[in-house]
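Any read-out appearing in this document is the output of simple, stated calculations on the displayed coordinates, not a laboratory observation. If you're wondering where the values come from, they're calculated on a predicted model, not measured in any experiment. Please note: Cβ atoms are built from the backbone with ideal geometry, for glycine as well, and neighbour counts cover all protein chains shown.
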Protein chains: 2
Amino acid sequence: MSLIVQKFGGSSVRDAQRIRNVAGIIAETYLEGNDVLVVLSAQGDTTDDLIAKAEEINSHPSKREMDMLLSTGEQISVALCAMALESMGLPCVSLTAWQVGIQTTAVHGDARIKRIDSERVQAELDQHRIVLITGFQGMDRAGDVTTLGRGGSDTSAVALAAAFRAKLCQIYTDVDGVYTADPRIVPNARHLDEITYDEMLELASQGAGVLHNRSVELAKKFRVDLEVLSSLERKPGTKVKEVTKVEKTTIAGVAKDTSIARIALIGLRHNPGVAFQVFDLLSKHNINVDLILQSIGREDSKDISFTVHEKDLEDARAILTENQEVLCFDHIEVDGNIGKVSIVGAGLMTNCGMAARMFEALYEAGINIQMINTSEIRVSVLLDEGDVDRAVRAIHAKFFDEI
Amino acid sequence: MSLIVQKFGGSSVRDAQRIRNVAGIIAETYLEGNDVLVVLSAQGDTTDDLIAKAEEINSHPSKREMDMLLSTGEQISVALCAMALESMGLPCVSLTAWQVGIQTTAVHGDARIKRIDSERVQAELDQHRIVLITGFQGMDRAGDVTTLGRGGSDTSAVALAAAFRAKLCQIYTDVDGVYTADPRIVPNARHLDEITYDEMLELASQGAGVLHNRSVELAKKFRVDLEVLSSLERKPGTKVKEVTKVEKTTIAGVAKDTSIARIALIGLRHNPGVAFQVFDLLSKHNINVDLILQSIGREDSKDISFTVHEKDLEDARAILTENQEVLCFDHIEVDGNIGKVSIVGAGLMTNCGMAARMFEALYEAGINIQMINTSEIRVSVLLDEGDVDRAVRAIHAKFFDEI
């Protein structure tokens, strides 16, 4: 028998009807002769409701108590889903993260999984029971409840799939997989049957947001075959794996991100290490920097431009301004009205033609490029925010409509 | 430092305001220099809401999954109450029953506490933290979540008080203690400052219902000093202990129970062991019998009357009728319109005058007594249901107004 891990998100279990639907998917997989290990998130608005309850009492509760509170959400989901499977006459058992023994670091609200005890789950699987496990949570060495932070249930599912050597880890969500572009912007965007881990990582961090990066990184590390699919429509999703079968003749997709802002430090002295000083300072304040461009400015000085998440813009500006004397720059410029558009594809950089086609599409659409940044499998350009959607459509058309 | 256990029921923590009130009581006790161990029930309607969620999915869920579901209620309470204490700057930690190590039998929905690991709680108390523990729940040997059944949080509190040798176990509830009669029936009922375990047990089983019997039995067994008091009014409650200080010159109180029914088996043969057969049969069907009266009937036969809980009346009648031939009785009579009134007091039976005064009060009020039953510390009479409240008032007046 082979093991399949199935993860269902909060909207997939938001009410009794949805839970019955999820139980139907699980039952089908089980009755096809598979062992099934299910990972569930908290129901729809449960987490928000619990946060509201907490805020009414304490506007800054400790993260430990917040984890204690929020972890009840997934426990409710697994118990209810087990009851739905029981009513179908299927053998099943729900388990919390502490019952499973999902050991994590002690960082409440953003813990990392360290290891998973296999004993209890294996015993249940040996009895051919469907095992339902609370996602998003674990316990630390002291026996305290921890939560894994954003996308935590996906990470739980992948970690369990790795620990129990599952044949497949299915992530059920609202959409039926990954597309070549956001279908809301590009109506004829194509559904991808397969995608590599690296492509998925780049697409996710570029804003596609179907799977959380941590879960994809974990899947890549342990070679867990992932599938993203819809819990509402029974049709094939997108498989995420190490190597995709088909020879790539084009990119995997076009992604956009408009939640960024650009900061430029103008007139920096030509001191060695000045770039290090700037980015070290920001990193110490937990501000992530994305694209970086360094240009020669006036005599004896240079300019450095870079992007940050727009939520970090004011913090970054304040920190840099405070340190203006140490960093020795002339003035600072910021721009929140920018966006990033990227093409992603395995082996993209070994095929120079790809980047050129992207720039050609933008040129034909009359869109100015402010900055360019590339990785092994990605080319990103920085644009005016107002140009972003048009750029996505133009690039998508160039790669997919002209083939 | 001495340890005080404080238990708060569902209505005491039903919303943010009530939780802040509870936190205030805890804080006061802690700041007086005590170690404090708090046991909480689920918030107000949480348990009912969770049961409704379950019923929508499965009308007969397994008790194991029901325990998994319901145990989230207390976890929410302890986390929220910890947050309230945090906002007051007090050191505290919430713990679930599994984190504490409250080991129970594996009877889901009605488990019994077997033992309590002391390590984690003691470590927290040693750090002078207020420890908040989920009531009503435990875990069995397999590591599954169990719940303790009705009155379970009271039992959790008493068991913890016993395990950690608390100086006092305070049970906070809606009322400020135990009265000589139900104040809704007897407006001038008196508040009792002290009462013995045995008196409390008799009053509880006679319908006073402030504390669940299991918790009082446990308190008696481990000599835990209990106090029943109100979470809404800051005034002394009723202390429940092995021996009360004051010399008893009167009864502890008058209790009533109208949720009973009388069954009479008429014309039973004079076989030895026939009474045993009747009550053994009922006991095998989990039907508890309370008052029993055996009277000589016609020649060669006798009648047996007894009372059962009214919910068991139809089952009992059906079982007895099915076995009419074996039990050899003539016919069966039932009466659901009866009630029981009791006086309770330590050493009551060593003072014959007490029972006589009770009967005198009923005689003066013109109330007929159908059956009489006594224990060491209780005298109960069976009456027409319509006479019950009048009887309580008459008896209460005889004992308390005439002193």
*So what does the Cα-only Debye profile of the range B:3-173 read at q = 0.10, 0.14, 0.15, 0.17 Å⁻¹, as log10 I(q)/I(0), no solvent term?*
-0.34, -0.66, -0.75, -0.96
*Just from its helices, what would the mean residue ellipticity at 222 nm be for chain A, if runs of 4 or more DSSP H residues each count -39500 (n - 2.57) and the sum is divided by every residue, rounded to the nearest 500 deg cm²/dmol?*
-10500 deg cm²/dmol
_Regarding chain B, what's the average projected area of the Cα-atom convex hull, expressed in nm²?_
22.4
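Gain in length, A:D49 to A:D280, computed as 0.36 nm per residue apart minus the alpha-carbon separation, to one decimal in nm?
On the way: separation 231, 0.36 × 231 = 83.16 nm, distance 3.85 nm.
Gain on stretching A:D49 to A:D280: 79.3 nm.
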_Angstrom value of the Kirkwood radius, inverse mean 1/r, which spans all Cα pairs in the range A:289-403_ = 16.0
*For A:I130, distant residues with modelled amide H under 5 Å away*: A:C92, A:V93
*Could you name the lysines in cross-link range of B:K256, using Cα to Cα under 18 Å and dropping any fewer than eight places away on the same chain?*
B:K311, B:K340, B:K398
*Count charges around B:V36 for me, please; just the other residues with Cβ under 10 Å from its Cβ, Lys/Arg as +1, Asp/Glu as -1.*
-2
_With just the Cα atoms defining each centre, how far is the range B:82-116 from the range A:160-208? Give it in Å._
41
*May I ask for the angle, rounded to the nearest 10°, between helix A:46-57 and the longest principal axis of chain A, with both axes built from Cα atoms and the value confined to 0 to 90°?*
70
*List B:V107, A:V78 from most exposed to least, where exposure is judged by having the fewest other Cβ atoms within 10 Å.*
B:V107, A:V78
*Which angle from 0 to 90°, rounded to the nearest 10, does the C-alpha axis of helix B:152-163 make with the longest principal axis of chain B?*
70
*Measure off 7 Å from each Cα along the Cα-to-Cβ vector at A:N337 and B:T374, then give the distance between these two points in nanometres to one decimal.*
9.7
*Near the amide H of B:K114, under 5 Å away, which other amide H atoms are found, from residues 5 or more places off or on another chain, if H is placed in the peptide plane?*
B:Q103, B:T104, B:T105
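Explain nothing, just the number: relative contact order of chain B, from Cα pairs under 8 Å at least 6 residues apart, as a whole percent.
On the way: 856 pairs, mean separation 53.6, N = 403.
Over chain B, the number comes to 13 percent.
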*Taking the Cα centre of the protein assembly as shown as origin and charging only Cβ (+1 Lys, Arg; -1 Asp, Glu), how large is the dipole, in debye to the nearest 20?*
1320
*asked:* Taking 8 Å as the Cα distance limit and 6 or more residues as the minimum spacing, I'd like the relative contact order of the range B:254-401 as a percentage.
replied: 30
*asked:* Nearest 10 degrees is fine. How inclined is helix B:16-31 to the longest principal axis of chain B, computing both from alpha carbons?
replied: 80
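Can you give the FRET efficiency for B:D110 and A:A365, using 1/(1 + (r/R0)^6), R0 = 41 Å, r = Cβ-Cβ distance, to the nearest 0.05? Each step should come with its number before you reach the end.
On the way: r = 71 Å, r/R0 = 1.73.
Given R0 = 41 Å and the Cβ-Cβ separation, E is 0.05.
Based only on the alpha carbon positions, what is the Kirkwood hydrodynamic radius of the protein assembly as shown, in angstrom? List each step's numbers first, then the result.
Values: mean 1/r = 0.0318 Å⁻¹.
In the protein assembly as shown this quantity evaluates to 31.4 Å.
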*Pairs of lysines 8 or more apart, or on different chains, with alpha carbons under 22 Å: count those in the range B:3-173, would you?*
5
*What's the center-to-center distance, using Cα atoms, between the range A:53-81 and the range B:349-403 in Å?*
52
*For the range B:3-173, calculate the relative contact order in percent as a whole number, restricting contacts to Cα pairs under 8 Å that are 6 or more residues apart.*
30
